[in-house]
Number of protein chains: 2
Amino acid sequence: MVRREKPVPPLIPKVAASRISRYLRYLEDLEDRGETTTSSRQLGAALGVTAAQVRKDLGYFGQFGFPGLGYKISNLIPEIRRILGTERSWNLVMVGIGNLGNALLRYKGFAAHGFRVVALFDSNPKLVGRTLEGLTVYPITKIAQVVHAEGVELAILSAPASAAQEVADLLVGAGIRGIYNFAPVLLNLPEDVAYVSVDLSVELEQLAFLVSNRDRELERRNAGGESGT
Amino acid sequence: MVRREKPVPPLIPKVAASRISRYLRYLEDLEDRGETTTSSRQLGAALGVTAAQVRKDLGYFGQFGFPGLGYKISNLIPEIRRILGTERSWNLVMVGIGNLGNALLRYKGFAAHGFRVVALFDSNPKLVGRTLEGLTVYPITKIAQVVHAEGVELAILSAPASAAQEVADLLVGAGIRGIYNFAPVLLNLPEDVAYVSVDLSVELEQLAFLVSNRDRELERRNAGGESGT
């Protein structure tokens, strides 16, 4: 019997899993360029971490590679995919087909990594019934029905901030197990629903902040301010 | 005289700046809904941090708000924009008009926050000369010329991984001060060029990992494995 009372602790730190995804991208790139082996030193240099960190990260999952010989790329790639759960494909639904949803729908990078959007939802009656990228837009009231019929486990939430929690509740009610949230809000979700959040304009704002902050620091220094040497 | 030998330390931690962007999104949302005041408790609850953390984050920039009275939203929003450097608008160029670049170009969220894409670049001769969203696609050899002519400070790098460093070098050579990197590689950049990185498919892979990991943990528990109680 599956017990769901308690949140299940992740087996490895999330930050390590994130690096492991990035090792995979780099290994795929090496393979495309015809390389057959790599080393923890090379992987570390590409990702900006130490070789020891690479060995530790890959060590969470058992013993790969041979001391002094490095890793065979054709072995490591499927092993990492198995670890990440991307050796299989995943069905997704997307909720919110505004600007951002439309943009994400046209991005082919998800499909290239085994993630297949199978249905679209929006609450706007002008969008419902339209076909975008070969997919029909359903009203959000159909979420549970489609999720069950298609055996969908993951959802992209690209609805506006003000509608995000309502949509998240519908997705959770439909049995979705993971939400990729693009709305700039914190979602209240049950412990057994996983999520990741990305806010594209917050990230760009951070870049502007870093540049502005440098200007101010330089001004302070040039004015003979407190941080001068 | 501006001295550039040493990296300029940020005035506040990057992680606080990231939260401050999210406070701003939430405040904008409150204002849209007709609210006029908020509190550190309300902001904290929306973002999943403590009220004390909110007061500390906003305290990096001086004294806002009044004990017991909270914050006046119409004062706080422009103050945060000034802190983040988004009280002004920023010109951007975008390099790499493939799938992802095309998707990002159609996303209106950047313009809504004062970020204006003014020129597009690609190395593909089939794309050069085309007009997308009212902007001409230039060859990447024109980057320096256009960046200077338009007074551009920031760039979106949406080129493939294999071309990303070469493009970054061109952008740095042209005097770009900040790069928003969507390529799944670590860029080698001078200390005085800021950057943020987002990898949309790595984030989705992380979601699949979190869900898969839970399945495995449940399997281990059900098998009476080592983590059973």
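The values are calculated or read from the model by the stated rules, or taken from the named source; none is laboratory data. Just so it is clear, the structure is predicted and the values come from calculations on it, not from any experiment. All Cβ positions, even for glycine, are placed from backbone atoms using ideal geometry, and neighbour counts span all protein chains on display.
May I ask you to list the residues in the range B:177-190 that are in contact (Cβ under 8 Å) with a residue 12 or more places away in the chain and either more than 10 Å from every other protein chain (Cβ to nearest Cβ) or over 26 Å from B:His148 (Cβ atoms) (or both)? Break it down stepwise before answering.
Our first condition is that a residue be in contact (Cβ under 8 Å) with a residue 12 or more places away in the chain; within the range B:177-190, this holds for B:177-185, B:187-190.
Matches in the range B:177-190: B:Pro184, B:Val185, B:Leu189, B:Pro190.
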* Structure fact -> Within the range A:17-50, the count of residues that are on the phi > 0 side of the Ramachandran plot and more than 8 Å from every other protein chain (Cβ to nearest Cβ) comes to 1
* Asked: Which condition number in (1) at pLDDT 90 or above; (2) touching a strand residue (DSSP E or B) at 6+ places or on another chain (Cβ under 8 Å); (3) within 11 Å of chain A (Cβ to nearest Cβ); (4) part of a helix (DSSP H, G or I) is the one that B:Arg214 fails?
  -> (1)
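Taking the range A:113-139, which residues are over 19 Å from A:Val196 (Cβ atoms) and either buried (at least 19 other Cβ atoms within 10 Å of the Cβ) or not assigned by TED's automatic domain parsing to the domain that holds A:Leu186 (or both)? Reasoning before the result, please.
Initially, the range A:113-139 is screened for residues over 19 Å from A:Val196 (Cβ atoms), giving A:118-139.
Correct list: A:Ala119, A:Leu120, A:Phe121, A:Asp122, A:Leu127, A:Val137, A:Tyr138.
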* To do: Looking at (1) surrounded by 23 or more Cβ atoms within 10 Å (Cβ to Cβ); (2) assigned by TED's automatic domain parsing to the domain that holds B:Asn124, find the lone condition where B:Phe209 falls short.
  => (2)
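Please determine whether any residue of the range A:152-173 is within 25 Å of B:Glu87 (Cβ to Cβ) and not in a loop (DSSP other than H, G, I, E, B).
Residues of the range A:152-173 that are within 25 Å of B:Glu87 (Cβ to Cβ), as a first pass: A:160-162.
So of that shortlist, the ones also not in a loop (DSSP other than H, G, I, E, B) come out as A:161-162.
For the range A:152-173, residues within 25 Å of B:Glu87 (Cβ to Cβ) and not in a loop (DSSP other than H, G, I, E, B): present.
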* Asked: Within the range A:132-144, can one find any residue that is in a strand (DSSP E or B), in contact with a helix residue (DSSP H, G or I) (Cβ under 7 Å, 6 or more places away or on another chain) and more than 9 Å from every other protein chain (Cβ to nearest Cβ)?
  -> yes
* To do: Tell me, yes or no, whether the range A:176-186 has at least one residue that is of a type in the set (S, T, N, Q), assigned by TED's automatic domain parsing to the domain that holds A:Gly101 and out of contact with any helix residue (DSSP H, G or I) (no Cβ under 9 Å at 6 or more places or on another chain).
  => no
* Structure fact -> Here the qualifying pairs (Cβ atoms under 9 Å; residues six or more apart or on different chains; first in the range B:90-119 and within 21 Å of A:Phe209 (Cα to Cα) and outside any loop (DSSP other than H, G, I, E, B); second at pLDDT below 85 and among the basic types (Lys, Arg)) come out as none
* Asked: With respect to A:Val193, is the statement that it is assigned by TED's automatic domain parsing to the domain that holds A:Leu104 and either under 18 Å from the mean Cα position of the chain (by Cα) or surrounded by 15 or more Cβ atoms within 10 Å (Cβ to Cβ) (or both) true?
  -> yes
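Among the residues of the range B:164-181, count how many are over 20 Å from the mean Cα position of the chain (by Cα) and surrounded by fewer than 17 Cβ atoms within 10 Å (Cβ to Cβ).
Filtering the range B:164-181 down to residues over 20 Å from the mean Cα position of the chain (by Cα) leaves B:166, B:169-170, B:173-174.
Within this subset, residues satisfying the condition of being surrounded by fewer than 17 Cβ atoms within 10 Å (Cβ to Cβ) are B:166, B:169, B:173.
Residues that pass the stated criteria total 3.
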